[in-house]
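A short reminder: the numbers here are calculations on the coordinates, not readings from a lab. All values reported here derive from a predicted model rather than from experimental measurement. Note: ideal-geometry Cβ built from the backbone for every residue, glycine included; neighbour counts use all protein chains shown.
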Amino acid sequence: MRSFTLRPGLVLVFLFVGILSWGQSAYDLALRHIQQQHAEWGLTAADVADMVVSDQYTSSHNGVTHIYFQQRHQGIEVFNALINVNVLPDGRILHVGKRFVADLASRVNATQPVLTPEAALLQAAQHFGVEVNQAPRLLQQDGPHSFLFEGGALSHADIPVKLKYQPLRDGSVRLAWDLALDLPRSPDYWSVRVDALTGEILQQNNWTVECAFDGAAGSFLAPVVDDCDAPEPHPHPAPAAPQRMNGGDGATYNVFAVPVESPIHGTRSLVTDPADSLASPYGWHDIDGNPGAELTITRGNNVHAYLDTDADNISDGGEPDGGPDLFFDFTYHDTLEPADMQDAATVQLFYMSNVMHDLAYSYGMNEPAGAFQQNNYGNGGIGGDPVNSEAQDGGGTNNANFSTPPDGSSGRMQMFLWNASSGDNVLTVTEPTDIAGLYAARPGAFGGPIPVDTPLVGEVALVNDGSNQPTLGCNELVNGDEIAGKIAMIDRGSCEFGRKSLNAENAGAIAVIVCNFEDALVTMGAGAVGDQVTIPAVFMRRSDCEKLKVYVGNGLLVQLQAPTHNGPTQLDGDFDNGIIAHEYGHGISNRLTGGPSNTGCLFNDEQMGEGWSDFFSLITTVKPGDTGELPRGIGNYATSRGPDGGGIRRFPYSTDFAVNGQVYDDIIGTGAPHPLGEVWAAVLWDLYWKFVEVYGWDPDLYHGSGGNNMAIQLVFDGMKMQPCQPGFIDGRDAILKADTALYDGAHGCLIWEVFARRGFGWSADQGSSDDRNDHRQAFDLRPECIKELKVEKEVTDFITAGAPIDVTLRVFNHKEETATNVVLTDEIPEGASFVAGSASAPVVVNGDLLVFELGDLAPGTALTITYQLATDPTRFSIQEFFDDVENGDANFDIEPLEGSTIWEIADLIPHSGSFHWYIPDEDGVENDQTLFFVSPFTITGDNPAFRFYHRYDTKIGFHGGFLEISVDGGPWEILPADKFIRGGYRGKIGFQTFAIPFLDAFWGNSNGYIASYIDLSEYVGRQVNLRFRFGTDDNSPGDEVGLGWLIDDVELMDLFFYNGQACVTSDQGDQACTTAPAHGTIVESDLMSA
């Protein structure tokens, strides 16, 4: 990492005297801001006293200076502990990303290493299974803590080793040797921390990203900018582009030129001088910064493209040569095998890699920001790091990857060959004619092959395994006579795909169709027994299966046949511009987040790297006439899916929610990075098309002024401004700040609208950026974006009978004009009375109505009024049934559905008394247990409700519980989320836990006991039973299980509560009314005395 001290020869010590002037540098203003704000951020003076600057540069298009401060302790850097300060040209602090470790000095374990750097290298070599007899030779030493070793047999590149601190999840910070290993004959480029005392591997991050396509106000000197008190979107001039040079080298390439995505999306064409004159002023074959190309092969300042068929990470030699005229036209035909088109493939890879360089450069990834270039032409940055793009890499198939070391070391892209397949076009309905036609069906990774010459034709039958979910097919089928000789249709869930298919085959099925519970296609894995399946198995979307199920048993005939394949046996990913753009995108996002000297900022659990990369694939291949609603698949060429295929993601990208309705919660329970990235890419794609809707689309990808260009610029700027280890809300906020910097916040509400639509709204909570499962989604806009006069009401939420109620009313004028003669009224609920003198503003009591005359409210005005109500001591919730678990289990029964760890009465942490119901959380165990009442309840009263106190602490997103209800002796049904008055479900739980799709449940950590209230008014006069159901699974990611689920003090009551309506009006006709949420003030229960 490149770093320099805050002042020449000195570390930062906060000994500032006097007042800073507006004329100070961005660096000084950033420093001053940290000095003033660090305590509010929870940092001590010592935490920021030894920091250094790792990167600093200014974005020319918006004038923002980005300064990245690296935390240190006694001169030793803390891994990924960065504060990045973004300073506007006028000196205001725009945005700060904070990732320093609080109270660092108390957390570190040592300041001197026990292991030598050589010993740490040998530990790492052993860890990765590389045999070395001795540590590589020392090449260079910079001070006592920084070394450079020869790669030797251990690494393709030389090995930097530096003493650092590694923060751990338990809050400790351990001294470690930080080193980078580019393993020989491997795509992996490891960034590793080895404990400097014990030799333990503390953390390892792979710089090679595998893409398997299967607050507070600032100081008075530098105020923090508020980006959302902004007008509605309006035409806003783009900043003047930097002066473009007349460069180029006259090179011509016969390629699939953008926006053509691949051979299935268009034809090749001859393009001359495609190099952008700003990004590549001397063309793509220059390296010395003088007119004229130094190289005539596929190599230049930005990219070296070459074959690496033997996977040794160096060129096979013989790169395509365009001769003195730089004319690159080589044989391509879609019937040829990749080995017969190696020159054309290398040229295509060279072309698209350069396009991505020029694209990134045009939107601000220039030399100081970490551009991949051999020669930086005197513009800053380090240089010496063009991308090595390896065509037809022999290290794998059906894949691609990109390695991103820090600025000054070359990125590496490896493009592999793909096995040609029939794609998803294998299933045709032949009868009945109403639904006849070709349907998308993805063959599984197990089972018999889909026939090519003679189709497999059969009637479809739905399986029955005799369970309470009979169509899951997880048990031996009980309707074998209906299945034999037919194609078995099975629903996804509960057990492995291989098990379902084998059960169907054992019952005589000739093929299997597995139906998803959502409109997505996945490739089915074999699991434990799938290798025993010999019949074909395919997977279909829910919507398609629903169409077919209507005709099961009524003449539904299906044909399975792979289309005749006359082409090559393999396809070359080098001809898929979308994949190349995706891979290069990892280099962009890794160098822009956290600064070019730190490419380790996107290894946290909620990072969005795959999302940005899919976004780059999409934006580079938009054609005139395209719309946001058009479904766009990723990787259709390489995966043989056709130009209109659904791609390799769960859903194709589209602004149409009927096509892609993914929201924030859809990342919960996912393990791989791609399902995480899909949701981020979806919202960025929405943003792109929203800007196009307002400002139009410009075909000039690099320097256009359309809405597409504006959105792309905000995405690039957001990456620079967000913190190291960002989460989705961090990314949203950075884009909002980018709009503030570039467009004075003109599009704040437009951006809020886009993000709120997919659950990233105003009240969304990210939680930890290192946990994709702990957030809370929300779909609300920033209040200022709804141009209305508004009122909010808040009350004491729970009292005993006779206790007072504190009421808070807030009135906002978010309109753009003054509201005159504003009047606020609030209803006094029956049984309550106004406490005279308690109001914070003049009030008139008019019967059961309080009237506040507020006068005229200017735009942006916010008023708060408080008062108090007295309550009737004889009015309370009526207790119908109560069990505090102090007298045994007579009122309860249990039923194990799976597993052996059952509900039991325990005395761990009761809500009251000494005992409670309890079931532990366990890792690696399938468990499904229920607790219910022996006798049902007859529901009576005006507001019947069921209340229980509980606390839960479980594996986030995977282990948890929910309630089921039985009415009049009927079957158990899931109690829906909308039945909860308070204390509702935490969110969707992973499908594999209960094999129930889209199930709401309690999971994570309730942080102590909470009261949950269930509205039973729908069931008045009926018999109701309730049961608590808790489950764990044996294969969810992570091992951080908690205490479990504890339940105490369960009660059936007739609920009594106070809640009046508050309204605000104006002379302009405004009227807004509201009540306090969740039934307002609930009164504790008691027994009726008569």
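So what's the back-of-envelope 222 nm ellipticity for the chain, counting only DSSP H runs of four-plus at -39500 (n - 2.57) apiece and dividing by all residues, rounded to 500?
-4500 deg cm²/dmol
Consider all pairwise Cα distances in the range 501-546 and report the whole-number % of them above 12 Å.
Considering the range 501-546, 61 percent of its Cα-Cα pairs are separated by more than 12 Å.
Suppose we take every Cα in the range 877-1055 and form the convex hull; what volume per residue is that in Å³?
106
When 505, 816 are ordered from fewest to most other Cβ atoms inside 10 Å of their Cβ, what list results?
Least to most surrounded, the residues fall as 816, 505.
Which of the peptides 650-659, 90-99, 334-343, 1024-1033 is most tightly packed, and how do the rest follow, judged by the mean count of other Cβ atoms within 10 Å per residue?
Result, highest mean Cβ count within 10 Å first: 1024-1033, 90-99, 650-659, 334-343.
Semi-axes of the equivalent ellipsoid of the range 427-560: what are they in whole Å, largest first, if each equals the square root of 5 times a C-alpha gyration tensor eigenvalue?
Each semi-axis is the square root of five times an eigenvalue, giving 20, 16, 15 Å.
Quick one: grab Rg to one decimal and Dmax as a whole number for the range 26-107, Cα atoms only, in Å.
Here Rg and the maximum Cα pair distance are 12.6, 43 Å.
If you count, for each residue, the other Cβ atoms within 10 Å and average over each peptide, how do 137-150, 607-620, 117-130, 396-409 line up from highest to lowest?
607-620, 396-409, 117-130, 137-150
What is the magnitude of the charge dipole of the chain about its Cα centre, with +1 placed on the Cβ of each Lys and Arg, -1 on the Cβ of each Asp and Glu, and no other charges, expressed in debye to the nearest 20?
Dipole about the Cα centre, nearest 20: 1720 debye.
If a/c stays under 1.5 just call it rounded; otherwise compare a/b with b/c (prolate if a/b is bigger, oblate if not). Do that for the range 1003-1090, with a ≥ b ≥ c from the square roots of the Cα gyration tensor eigenvalues.
Because a/c hits 1.5 or more and a/b fails to exceed b/c, the range 1003-1090 counts as oblate.
With θ taken as phi - 60° and the coefficients 6.51, -1.76 and 1.60, list the Karplus ³J(HN,Hα) couplings across the range 95-109 in order, rounded to whole Hz; mark glycine and proline as x.
6, 10, x, 10, 9, 6, 7, 6, 6, 4, 4, 7, 9, 6, 9
State log₁₀ I(q)/I(0) for the range 330-489 at q = 0.09, 0.14 Å⁻¹ as given by the Debye formula over alpha-carbon point scatterers of equal weight, solvent excluded.
Each listed q maps to, in turn, -0.60, -0.87.
Sort 77, 390 so that the residue with the fewest other Cβ atoms within 10 Å of its own Cβ comes first and the one with the most comes last.
Fewest to most other Cβ atoms nearby, the residues stand as 77, 390.
Which entries of 793/988; 547/623; 98/720; 486/549; 793/815; 690/790 show an alpha-carbon separation above 21 angstrom in the structure shown?
793/988; 547/623; 690/790
So how do 874-886, 44-56 stack up, highest first, on mean other-Cβ count within 10 Å?
44-56, 874-886
May I ask what percent, to the nearest 5, of DSSP beta bridges between residues of the range 427-560 are antiparallel?
In the range 427-560, approximately 55 percent of DSSP beta bridges are antiparallel ones.
Apply the Karplus parameterisation 6.51 cos²θ - 1.76 cosθ + 1.60, with θ equal to phi minus 60°, to every residue of the range 313-322 and state each ³J(HN,Hα) to the nearest whole Hz, in sequence, with x for glycine and proline.
Each residue of the range 313-322 in turn: 6, 9, 5, 6, x, x, 4, x, 10, x Hz.
Would you calculate the convex hull of the Cα atoms in the range 879-962 and tell me its volume per residue in Å³?
So the per-residue Cα hull volume is 124 Å³.
How do 582, 747, 1079 rank when sorted from fewest to most other Cβ atoms within 10 Å of their own Cβ?
Exposure proxy ranking, most exposed first: 1079, 582, 747.
Can you compute log10 of I(q)/I(0) for the range 117-203 with the Debye formula, treating each Cα as one identical point scatterer, at q = 0.12, 0.16, 0.17 Å⁻¹?
Debye output, listed in q order: -0.32, -0.57, -0.64.
What are the ³J(HN,Hα) values, in whole Hz, obtained from phi via the Karplus relation 6.51 cos²θ - 1.76 cosθ + 1.60 with θ = phi - 60°, for each residue of the range 148-165 in sequence order, with x given for Gly and Pro?
10, 10, 5, x, x, 7, 8, 8, 5, 10, 4, 10, x, 10, 9, 6, 9, 9
Give me the log10 of I(q) over I(0) for the chain at q = 0.04, 0.05, 0.06, 0.08 Å⁻¹, as the Debye formula computes it from C-alpha points; what are the numbers?
-0.24, -0.38, -0.56, -1.00
Mind jotting down a quarter of the surface of the convex hull over the alpha carbons of the range 693-808, in square nanometres, one decimal?
For the Cα atoms of the range 693-808, the hull's average projected area reads 10.8 nm².
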